[in-house]
Amino acid sequence: MFQLDDNLLRELGLGELPAAEKNKMLAHIYETLELRVGMKLAEQMTDAQLDEFEGFIDRNDEPGALKWLETNFPHYKQVVADELEKLKGEIKEQAPAIMQATMSDMGGGQGPSAPPPANGMPPNNPPTSV
């Protein structure tokens with residue numbers, strides 16, 4: 001469906017990040033996307049569906065959860081695609097600030113580090129919780 005990899009980071013203007021920062025950014029993108037898709041789908045679920053789906057999550061049954069989604073929400077892949085496009089747009093807007101902050105933190109830039117982006121995406125620290 002989509003790849004969270006170096007090609008995506010280049011598309012977003014973050015291809016020049018150091019390897020460790022790339023890994024952190026990819027993890028952050030994945031966690032953010034997972035959270036947003038989950039919230040969007042949860043809005044459409046009945047309480048019973050939500051309980052059933054959470055059961056798969058609680059058991060760490062990812063294949064079961066995906067099969068359940070395909071059966072009960074066949075449009076979930078479109079939700080993922082839509083949310084990914086929104087997230088990519090947000091990251092593209094913040095890419096120059098992320099790059100500047102990362103390079104400044106590594107001693108590669110001049111002057112003070114840029115403040116964190118307004119959308120709450122840390123330039124080089126993944127979220128501690130989802």
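Results, tabulated for the structure shown:
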item: Label-to-label distance, nm, for residues given as Ala19 and Leu66 (7 Å Cα→Cβ offset); result: 2.8 nm
item: For segment 6-105, with +1 on Lys and Arg beta carbons and -1 on Asp and Glu, the positive-most of Thr32, Ala65, Ala48 along the dipole; result: Thr32
item: Reference-scaled alpha-carbon Rg (2.2 N^0.38 Å with N residues) for segment 6-105; result: 1.29
item: Sparse-neighbour loop sites [GluC sites (Glu not before Pro); segment 1-59; at most 16 other C-beta within 10 Å; DSSP]; result: Glu16
item: Count of Lys pairs (Cα-Cα under 21 Å; at least 8 positions apart or interchain) in segment 6-105; result: 13
item: Phi-based couplings in Hz for segment 35-51 (Karplus 6.51, -1.76, 1.60; Gly and Pro marked x); result: 5, 5, 5, x, 5, 5, 5, 4, 4, 9, 8, 6, 4, 5, 5, 4, 4
item: Estimated distance in nm for a label pair at Met106 and Glu52, the labels positioned 7 Å out from Cα along Cα-to-Cβ; result: 4.8 nm
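Quick note: the coordinates plus some simple rules give every number you see, no bench work behind them. Keep in mind that this is a model prediction, so the values were computed, not measured. Backbone-built Cβ (ideal geometry, glycine too); neighbour counts: all protein chains shown.
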